[in-house]
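This report refers to the structure that appears directly beneath it.
Where a number appears in this text, it was derived from the coordinates with a stated rule and is not lab data. Keep in mind that this is a model prediction, so the values were computed, not measured. Every residue, glycine as well, gets a Cβ built from its backbone with ideal geometry; the counts of neighbours run over all protein chains shown.
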Amino acid sequence: MRKNALKKGSNVVANRRYVLERQNVGSAADLLKLVNSAFTERPLRWYISQADQHRITLESTEFGGELLPVAKPEGLRRSGADVVVSLIPTGIGCSVGGYAGDAAPATALLAQAADFVVTNPNAVNASNFIRLDEKVLYTEGSCIDAFSRGEINLHRAVGNRVGLIIEGSDDASVEHVLNVTNAVRAVHGVDVIDYVVTDQRIGSRCARNESGAYVGTVDNTDVLLDAARQLVERGANAIAITTNVQDLDADEYSAHFSGKEANPVGGVEAIISHLIVGTFGLPAAHAPMINFKDLNLDHKVVDARSAGEIVSASGLACVLVGLSSAPQLSADVPGTRLAQELSFADVVAVVAPAGALGGPPVLEALSRRIPVIAVRGNETMFAVTAEALDLPGVIEVANYAEAAGTVLALRSGIALDTVLRPLRALGRPE
C-alpha cells in the first residue's frame, strides 16, 4: 500500500494508489467493504484499476478539507419510473464516450428503452454541441456514486439557476467566455444568474496515475470554493466552472485527437466538480476555458469522436445547457421547481464498459441484486471485468444496441435466455 504525504485537515487534493489483498472477499458487498477500509481521507473519486484472484489495485483522489456529511434520505421508495444508469468513466480511454460527447447517440438509444437515463456529463458534452432531452439526466460522477449508495435521491429540476466561475485569466479569454455564456442564454434560454472572475488562479492540473488513467489536482481549492460560495449566496443552485487546465502534454493530446489516447482533461474536470458537489450539495460541471489547440496532428481532420472539441474555441456551452436541467440532490432547494424524485430503487439496470466494472455504482448495484449490463464494445485501458473481479450475474453484451434490447427485456419481464438460441429444454437431456 502506498500513500502520498498529506497534512491531516488541509484543503489538499491527493491522488493515491493502494494494493489490497483479496482474502475472504467473495461478493460485491465484500469488495466494497475492503475498498472503504483503505482510504486515508474522504475520497472524491475512486475505481479499481487492476484485479486478479489475489489482489486489487485501487486508485483514488482524496480531499483533506471539509465536505458535507453523508445523510441518507428516508428509505428508497419506488417512484414508478424505470431508470437506467449509464456509466461513461472519464480519463480511462472509453472508446464510446471518451472523447467529446460521442456517447450521446448510445445514451439517446438507452433513453428510448427506459423512462430515464442517468449519465455522466462527459457522455454528452461536446463543447459547442450537446444532445440532451428530458429523459437524459445530466448527473455528475460523484452524484451518481452517492445515488448508487442510497445517500441521495435525484430530483428532476426545471430551469436551474446557474452560477458561473471563471478562473482569472487574460481579458480576451474572459471576454470569449462571456460571449459564449450570452449566446447560450439567448439561444437556449438558460438562466445564468451571475458570474465570478477569480482574483487568483484556481490551478487545475492534469495528472496521470500508474495505470495510465488521467486524474488531476487543484492548487487553490479555497479560491474555487470561495467563488462557488459567493454564487450560492446570490441564489445559484447549479455551478459551472471554467478554467485553463495546466500540464497538458501536446503529444498525448494530439494522440487523443487521433483516436489513440484517453482524454487528458477529464480527470481533473471530475475532481473540480466533485469538490463543488461535496461542499455545497448542488449539481456542478467543469469546462476548459479555451480548448487546447497546441497540437501536433498527423492529419487536419481529426477522429470523428473528438471533432466537437476541435471545432469549438471553448468547452463551456454544453456545460451551461446541461446544468440548466441537471437533477438536484435534495428537495430542500429554495425556489427550485422539481418535477419528480427518483431513487436507486427505480434502477432497472446499470450499464458500464465491460472492462471498467470496478466502480461504486456497479458494485452497489450487484450488492442490491440490480442487473449490471457490461458492454464489451466500449473498450477502455482497463481489464477490470466480471471475471477478474469474480462477480457472477453480470450480463455481457456486444454493444449499446444489445444493451438497449436487454433493458427492454428486463423492463418487460422477458427472460433473456428465452430470446437467445439454442434454447435449453427443461426435462430434456443435453
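Kirkwood hydrodynamic radius, the chain, all distinct C-alpha pairs: what's the number in Å? Here the Kirkwood hydrodynamic radius works out to 21.8 Å.
Under a Cβ-Cβ cut-off of 12 Å, what is the net charge of the residues other than Tyr99 that fall near it, where Lys and Arg count +1 and Asp and Glu count -1?
-2
Judged by the ratio a/c of the largest to the smallest principal axis of the C-alpha gyration tensor, segment 143-248 counts as oblate, that ratio being 1.5 or greater while a/b is no larger than b/c. For the chain, a Gaussian network of Cα nodes joined below 10 Å ranks Ile165, Ile395, Ile239 by mean-square fluctuation, and the top entry is Ile395. The relative contact order of segment 108-210 comes to 22 percent, based on Cα pairs under 8 Å that sit 6 or more residues apart.
Restricting the GluC sites (Glu not before Pro) of segment 80-178 to loop positions (DSSP other than H, G, I, E, B) with no more than 11 neighbouring Cβ atoms within 10 Å leaves Glu134. Subtracting the Cα-Cα distance of Lys293 and Arg229 from 0.36 nm times their residue separation leaves 19.8 nm of extension gain. Can you give me the angle between helix 221-233 and the longest principal axis of the chain, using Cα atoms only, in degrees from 0 to 90, rounded to the nearest 10? Tilt of helix 221-233: around 90 degrees.
With viscosity set to 1.306 mPa s and temperature to 10 °C, compute the Stokes-Einstein D of segment 83-338, Rh being the Kirkwood radius across alpha carbon pairs; µm²/s, no decimals.
Result for D is 88 µm²/s.
Expressed per residue, the C-alpha convex hull volume of segment 13-63 stands at 67 Å³. Segment 171-191 and segment 40-84 have Cα centres separated by 34 Å. Its residues counted as N, segment 356-428 yields a C-alpha radius of gyration over 2.2 N^0.38 Å of 1.21. Take the Cβ atoms of Leu178 and Glu134, set R0 to 35 Å, and the FRET efficiency comes out at 0.80.
Relative contact order of segment 13-63: 52 percent, from C-alpha pairs under 8 Å at least 6 residues apart in sequence. Treating r as the C-beta distance of Asp417 and Gln112 and R0 as 25 Å, the FRET efficiency rounds to 0.55. The fraction of all Cα pairs in segment 277-391 landing in successive 10 Å bins from 0 to the largest distance is 10, 24, 31, 27, 7, 0, given as whole percents.
If R0 is taken as 60 Å, the Cβ-Cβ distance between Ala250 and Asn24 corresponds to a FRET efficiency of 0.80. When Rg and the Kirkwood radius Rh are both evaluated on Cα atoms of segment 252-298, their ratio Rg/Rh stands at 1.12.
Count Lys and Arg as plus one, Asp and Glu as minus one, and take only other residues whose Cβ is under 14 Å from that of His176; the net charge is then -3. Among the aspartates and glutamates, which have Cα under 13 Å from the Cα of Lys135 when same-chain residues fewer than 8 positions away are ignored? The qualifying aspartates and glutamates are Asp82, Asp115. Summarising the label geometry, the points placed 7 Å from Cα in the beta-carbon direction at Asn36 and Leu76 lie 1.2 nm from one another. Each residue, Ile193 and Gln340, gets one label point 7 Å from its Cα in the Cβ direction; the gap between the two is 2.6 nm. The residues packed around Val397, meaning those with a beta-carbon under 15 Å from its beta-carbon, carry a net charge of -3 if Lys and Arg are +1 and Asp and Glu are -1. Quick one: among Ser258, Ser273, Ser49, which has the greatest mean-square fluctuation in a GNM of the chain with alpha-carbon springs under 10 angstrom? With Cα springs under 10 Å in the chain, the top fluctuation among Ser258, Ser273, Ser49 is at Ser258. For the chain, relative contact order (Cα pairs under 8 Å, six or more residues apart, normalised by length) works out to 22 percent.
Nearest-5 percent of antiparallel DSSP beta bridges in the chain? Once the DSSP bridges in the chain are tallied, antiparallel ones form about 45 percent. Among 307-316, 281-290, 183-192, the peptide with the highest mean count of other Cβ atoms within 10 Å heads the list, and the full ranking is 281-290, 307-316, 183-192.
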